[in-house]
Amino acid sequence: MSREALAGLVRTAPPTGSVFPPDADAFFRLERVPVQGQVPLDPGFAVLVVSDGAVSIGGRPAPRGSTWLLPAGAGSVLLDGAGEVLLARPPAA
């Protein structure tokens, strides 16, 4: 891989939204989700990591450092509390 190609993949992650460059969506998606109050998540398979604060996921306590698996059939799930969640999903369709 050339230096230019590699430089296109390295960037500072924004405070919200996709952590990776758009070209990565074909392989893996990772979003930074700030939680202040209630935040609905779209249905679909996901792995969540509570990276800051204390939130609840679907009404269950999720302290900082906890990791959660959301099955595709779980439907829409509600985050609540104050903190930040990293949301990993499979490739974009």
Local electrostatic count at VAL35 - Lys and Arg +1, Asp and Glu -1, tallied over other residues with Cβ under 10 Å: -3
Quote to one decimal, in nm, the extra length available between VAL10 and ASP80 on full extension: 0.36 nm per residue of separation minus the C-alpha distance between them. 22.1 nm
Within 14 Å, Cβ to Cβ, of GLU84, how many net charges do the neighbouring residues add up to if Lys/Arg are +1 and Asp/Glu are -1? -1
Where q = 0.10, 0.11, 0.21, 0.26 Å⁻¹, what log10 of I(q)/I(0) comes from the Debye formula for the chain, counting one point per Cα? -0.28, -0.34, -1.01, -1.37
Could I have the simple spin-label model distance between THR67 and SER18, label points 7 Å from Cα toward Cβ, reported in nm to one decimal? 2.4
Most fluctuating residue of GLY83, GLY75, GLY53 in a GNM of the chain with Cα springs under 10 Å: which is it? GLY75
Under 10 Å, Cα contacts only: if you run a Gaussian network model on the chain, which one of ARG64, ARG11, ARG32 comes out with the highest mean-square fluctuation? ARG11
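Within 14 Å, Cβ to Cβ, of VAL50, how many net charges do the neighbouring residues add up to if Lys/Arg are +1 and Asp/Glu are -1?
Net of charged neighbours comes to -1.
Just so you know, all these numbers are worked out from the coordinates, no wet-lab data involved. These figures come from a predicted structure and were not determined experimentally. We place every Cβ from the backbone using ideal geometry, glycine too, and count neighbours over all the protein chains shown.
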